[in-house]
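Quick notes on the structure that follows.
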Amino acid sequence: MGGFFGAVCKQDAISDVFFGTDYHSHLGTHRGGMAAYDETVGLQRDIHNIQNSPFRTKFEHIFEEMKGKSAIGCISDSDPQPILIRSKLGTYAICTVGVINNANELIERYFRDNGGHFDAMTGGRVNSNELVAAMISQKESFAEGIRFAQEAIEGTANILILRDGGTIIAARDRLGRIPVLIGRRDGDYCVSFESFAYQKLGYSYEKELGPGEIVEISSEGVKQLAEPGKKMRMCSFLWSYYGYPTSTYEGVNVETMRYRNGEIMAEHDKECGVAQDLDSVSGVPDSGTPHAIGYANASQFPFARPYIKYTPTWARSFTPQKQSERNKVAKMKQIPIHDLIEGKKLLFVDDSIVRGTQLKETVDFLYSNGAKEVHMRSACPPIMYGCKYLNFSRATSDMELIARRTIMELEGEEGFNHIEEYSDSSTERGKNLRKTICEKFQFASLEFQSLEGIVKAIGLDPCKLCTYCWNGKE
């Protein structure tokens, strides 16, 4: 995935951008970068690999190495950034958050229409930021160029630019799939993916950019360069999975949404008379915990932690490249509390069930430690399609998804013509999907949150939400 943070301050901006960028570390694991502008030095840039060390340790000397009243920083799960660009629009640093699915097509179009060349990375790949910059430079202004780039990109592109001169240009993706927020502190301004990042630095909410909106931030304030569009498709997974608990998007806090989501699942189970004899309710992994708290509050079964994750030295389990390594890390982190497992009927709420590989390891772990029953709930509907708008998932094929694989086992490719039925627990196909996964994992029961339930928990108009990974609708 990735995230960015920028600031224009009356005094040095390096400290704010260092801490503001670090607060986005949960969104990426590959590279971190910062760029700054100083009147005497000009533009400066620094990038580090953060796969084995967190952002803050790689940039702890940045205060001696970089200075400026304007700066931007980013956490990236993809290309090195920010990069420095010199073009007809001037010299600037640029970083992006999102994914470009038609990069090769855009590169070939650029060669055909403009000639020129790109700096190639290993395997001939082109840094996505350089591609975006090349597209912007084809127009006569940043606003016109950003609009041109975003309309041509198949995927998502939030863009942050630090200009030679110290102003920052921020642009939200044309369909607003991920957020861009502006904060204010006296005469200082910042731009951020995560709301809590600027709040912790003493900034207060100024505005949230609308879909496709472009602004320029300077010491004078925030100037709109392009108005927002009317159509929005914000990623629903922000609230259910990868958004940080303290964040607020479009006025909806992540943690409170997850409580509501858990409550809705508990109410559904009660109506169906399912899992009404439990010893405790738990969350798996950490991002499943608030959903579980909501479930426990509504069901009146106690919330408990039958096992604890040992996190001081183990990285988040999804970060290693190889699935075998991710499984090993996940297993090593789980420390059981036998008094809360042995002979107990347990219900777990997972933030999502994607491949199911790590989940099987967890269930086997619980049964091996004496659990009597393990019920499982997914805080979102069955994932039927790999996301093509954001790169937060490592899935390379839809057939890696456990729901898809199960459908194939049950009905072959014909089943893919009935995905809506398989998602619905009230249909025969839906019941067969859940029954088959239950038998495979030895769940006492399994249910997924409904699409209607998760939309209700978010509380926004359904037409403003992207639910592609669940129903394939764009």
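Annotations
- Among all residues of segment 458-468, there is none that is of a type outside the set (Phe, Trp, Tyr), closer than 24 Å to Lys360 by Cα and not in a helix (DSSP H, G or I).
- Total residues in segment 212-265, condition of a type in the set (Val, Ile, Thr), buried (at least 17 other Cβ atoms within 10 Å of the Cβ) and not in a helix (DSSP H, G or I): 6
- Residue in segment 47-55 that is more than 23 Å from Ala133 (Cα to Cα), among the aliphatic types (A, V, I, L, M) and at pLDDT below 95 present: yes
- Among residues that are closer than 20 Å to Tyr468 by Cα and either touching a helix residue (DSSP H, G or I) at 6+ places or on another chain (Cβ under 9 Å) or in a loop (DSSP other than H, G, I, E, B) (or both), Ile383 is included.
The rows are residues; the columns are (1) over 23 Å from the mean Cα position of the chain (by Cα); (2) part of a helix (DSSP H, G or I).
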position: Arg56; (1), (2): no, yes
position: Glu64; (1), (2): yes, yes
position: Lys67; (1), (2): yes, no
position: Ile72; (1), (2): no, no
position: Asp79; (1), (2): no, no
position: Leu84; (1), (2): yes, no
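- The one condition in (1) within 19 Å of the chain's Cα centre (by Cα); (2) of a type outside the set (Ser, Thr, Tyr); (3) in a loop (DSSP other than H, G, I, E, B) that Phe443 fails to fulfil: (1)
- Tally of residues being at pLDDT 95 or above and out of contact with any helix residue (DSSP H, G or I) (no Cβ under 6 Å at 6 or more places or on another chain) across segment 179-194: 10
- Matching option when the condition is under 17 Å from Ile161 (Cβ atoms), surrounded by fewer than 18 Cβ atoms within 10 Å (Cβ to Cβ) and touching a residue at least 40 places away in the same chain (Cβ under 8 Å), among Gly42, Gly33, Gly20: Gly42
- Being within 19 Å of Gly453 (Cβ to Cβ) and either in contact (Cβ under 8 Å) with a residue 24 or more places away in the chain or not assigned by TED's automatic domain parsing to the domain that holds Leu347 (or both) is not true of Ile214.
So that you can scan it fast, the table gives a plain yes or no per residue for (1) assigned by TED's automatic domain parsing to the domain that holds Thr29; (2) closer than 25 Å to Ala13 by Cβ; (3) buried (at least 21 other Cβ atoms within 10 Å of the Cβ):
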site: Ile50; (1), (2), (3): yes, yes, yes
site: Pro54; (1), (2), (3): yes, yes, no
site: His61; (1), (2), (3): yes, yes, no
site: Glu64; (1), (2), (3): yes, yes, no
site: Ser70; (1), (2), (3): yes, yes, yes
site: Val99; (1), (2), (3): yes, no, yes
site: Asn104; (1), (2), (3): yes, no, no
site: Ala133; (1), (2), (3): yes, yes, yes
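- None of Phe365, Phe448 is surrounded by fewer than 19 Cβ atoms within 10 Å (Cβ to Cβ) and closer than 19 Å to Ala292 by Cβ except Phe365.
- The residue list Leu175, Leu162, Leu225, Leu209 contains one member that is in contact with an Asp or Glu (Cβ under 6 Å, 6 or more places away or on another chain) and modelled with pLDDT of 95 or more, which is Leu225.
- Complete set of residues in segment 151-175 that are part of a strand (DSSP E or B) and more than 24 Å from Asp12 (Cα to Cα): Gly155, Thr156, Ala157, Asn158
- Of the numbered criteria (1) among the acidic types (Asp, Glu); (2) in a loop (DSSP other than H, G, I, E, B); (3) touching a strand residue (DSSP E or B) at 6+ places or on another chain (Cβ under 8 Å), the one Glu140 fails is (3).
Residue by residue, here is whether (1) within 20 Å of the chain's Cα centre (by Cα); (2) crowded, with 20+ Cβ neighbours inside 10 Å; (3) not assigned by TED's automatic domain parsing to the domain that holds Lys360 holds:
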position	(1), (2), (3)
Cys380	yes, yes, no
Glu400	yes, no, no
Glu421	no, no, no
Asp461	no, no, no
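- In this structure, Asp77 does not satisfy being surrounded by 17 or more Cβ atoms within 10 Å (Cβ to Cβ), modelled with pLDDT of 95 or more and charged (D, E, K, R).
- Test: residue in segment 316-337 that is closer than 30 Å to Tyr205 by Cβ and either more than 18 Å from the chain's Cα centre (by Cα) or modelled with pLDDT of 90 or more (or both): no
The values are calculated or read from the model by the stated rules, or taken from the named source; none is laboratory data. Predicted model only: the values in this text are computed from it and were never measured. Here the Cβ is made from the backbone with ideal geometry for all residues, glycine too, and neighbour counts use every protein chain on show.
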